[in-house]
Amino acid sequence: MQVDPMTYRDLDPGQRILMGPGPSNVPSRVLQAMASPCIGHLDPYFLEIMDETQELLRFLFQTENSLTISVSGTGSSGMETCLVNLVEPGDKVLVCVNGVFGTRMCDIVTRIGGQLIRVDAPWGRAIDPDDVRRATKDKGASLIAVVHAETSTGACSPVADISKVAREVGALFLVDVVTSLGGMEVSLDSMGIDAAYGGTQKCISCPPGLSPVSFSPRAMEKLNGRKTPVPSWYLDMTMVSSYWGPERKYHHTAPINMIYAFREALRIIAEEGLEERWARHRLNHGALVSGLEAMGLEMLVPEDQRLPMLSAVLIPEGCDDLAARRALLERFGIEIGGGLGDLAGRIWRIGLMGHSCRPENVFIFLSALESILRAQGVKIREGGLQAASRVYDEASEYRG
Ligand SMILES: *Cc1c(COP(=O)(O)O)cnc(C)c1O
């Protein structure tokens, strides 16, 4: 087959304001780090960079776990890594489901021969720890899995309370922190989390391509005591960890430049401070929601269960979902997410994640949305921007 190279233009994606469910905007420092020379995956300089990345990652996860690494793949590869390493055929695995990502975990558990026990909550609501307790009392479980921040709905589940249930029944506790990590508190050790996986492109604001994963000593015990080999060669943590550990044993070629980028994104987080970063996410979320509600829009999730980094708002009556999202992108360069599954056409998912989580984005989005809805003839109230402004005025750190 022949191609004419002249047909293919220079790459020029243009700028976007990424306010969807991920990826978020990437700071230029991270992109610059990524453009550094590619060196060997066993080069002494690169091995130092790996060590530093692990240290920074332990800080982000708030853990002492020695197995704390990044899996070479997106968030879903971290999900698969945790499950293939910690579940053996026949193990009872309780998965909490209140959105798309819970169902994805169920799919993997079934594929690897785990005995699936599902605890459901309506989409847009948190998981109720009492439902988990009841299900484990009835059926037992060797592993309990939950999605902390359900990006498909904007609901936040009470991880610390579900962790207590896991301890009561002696189950390992696995948490999906893909969207929460870097945007709200995820403290593995104090929350009693045995295994967690994240993604780089949400509140960490690094391009997609790596999945930070951490296993507690209890999780390591389960892994080392397996009767059957880990069913995935690529994701087998006993082998991957001997590359990240002192042996430096080649397993697969690390994605060198992605790890540069990840380390830079983690450095930026350490410079800002975790508490400060979580507070910034809460503040901008508060302003966005005040603006939307002042315009007369309604949120999907009850206030005490809402995520700070992902807000699901009901699409107002008379609005053309696809046309509105297309106008946001084409006229204002803003990307937001639509609904998934039963929520398709019913909600928008507005992300304020990591580097994208800033007051100017809240104001640009609210004014863009207002003009689009008015052009579509949708009835909305005045005062969205003023309501958002008031939230910033009331927060002392933003007082001029
Ligand atoms: C995005 C996301 C994933 C999947 O991550 P990918 O990088 O798309 O593979 C898993 N869980 C949650 C909660 C997510 O938001």
With the first residue restricted to segment 65-80 and required to be within 8 Å of the ligand (Cβ to nearest atom), and the second required to be open to solvent by 10 Å² or more (accessible area, probe 1.4 Å) and not in a helix (DSSP H, G or I), Cβ contacts under 6 Å at 6 or more apart or on different chains are THR74/PRO208; GLY75/VAL178
Of the conditions (1) within 15 Å of the ligand (Cβ to nearest atom); (2) assigned to a loop (DSSP other than H, G, I, E, B); (3) open to solvent by less than 20 Å² (accessible area, probe 1.4 Å), TRP123 clears all except one; give me its number. (3)
Between residues in segment 40-59 that are under 14 Å from GLU264 (Cβ atoms) and in contact (Cβ under 8 Å) with a residue 12 or more places away in the chain and residues that are hydroxyl-bearing (Ser, Thr, Tyr) and part of a helix (DSSP H, G or I), which pairs lie under 8 Å by C-beta distance while being six or more apart or on different chains? ILE49/TYR260
Provide a single number: the residues in segment 368-386 that are under 16 Å from HIS285 (Cα atoms) and either open to solvent by 10 Å² or more (accessible area, probe 1.4 Å) or touching a Lys or Arg at 6+ places or on another chain (Cβ under 6 Å) (or both). 2
Looking at (1) assigned by TED's automatic domain parsing to the domain that holds GLY225; (2) buried (at least 16 other Cβ atoms within 10 Å of the Cβ), which one does ILE39 not meet, given that it meets all the others? (2)
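Is it fair to say ASN98 is touching a helix residue (DSSP H, G or I) at 6+ places or on another chain (Cβ under 6 Å), open to solvent by less than 10 Å² (accessible area, probe 1.4 Å) and among the polar types (S, T, N, Q)?
Details: touching a helix residue (DSSP H, G or I) at 6+ places or on another chain (Cβ under 6 Å): no; open to solvent by less than 10 Å² (accessible area, probe 1.4 Å): yes; among the polar types (S, T, N, Q): yes.
It is false that ASN98 is touching a helix residue (DSSP H, G or I) at 6+ places or on another chain (Cβ under 6 Å), open to solvent by less than 10 Å² (accessible area, probe 1.4 Å) and among the polar types (S, T, N, Q).
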Going by the conditions given, is LEU47 surrounded by fewer than 22 Cβ atoms within 10 Å (Cβ to Cβ) and touching a Lys or Arg at 6+ places or on another chain (Cβ under 7 Å)? yes
Scan segment 232-242 for residues that are more than 18 Å from ASN65 (Cα to Cα) and surrounded by fewer than 17 Cβ atoms within 10 Å (Cβ to Cβ) and report the count. 3
One residue from GLY286, GLY337, GLY318 being open to solvent by 60 Å² or more (accessible area, probe 1.4 Å), small (Gly, Ala, Ser) and farther than 24 Å from LEU57 by Cβ: GLY318
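The values are calculated or read from the model by the stated rules, or taken from the named source; none is laboratory data. Since we're looking at a predicted model, the values are computed, not measured. Every residue, glycine as well, gets a Cβ built from its backbone with ideal geometry; the counts of neighbours run over all protein chains shown. Accessible surface is based on the protein model in full, side chains and every heavy atom, while ligands, DNA and RNA are left aside. Shrake-Rupley method; radii C 1.70, N 1.55, O 1.52, S 1.80 Å.
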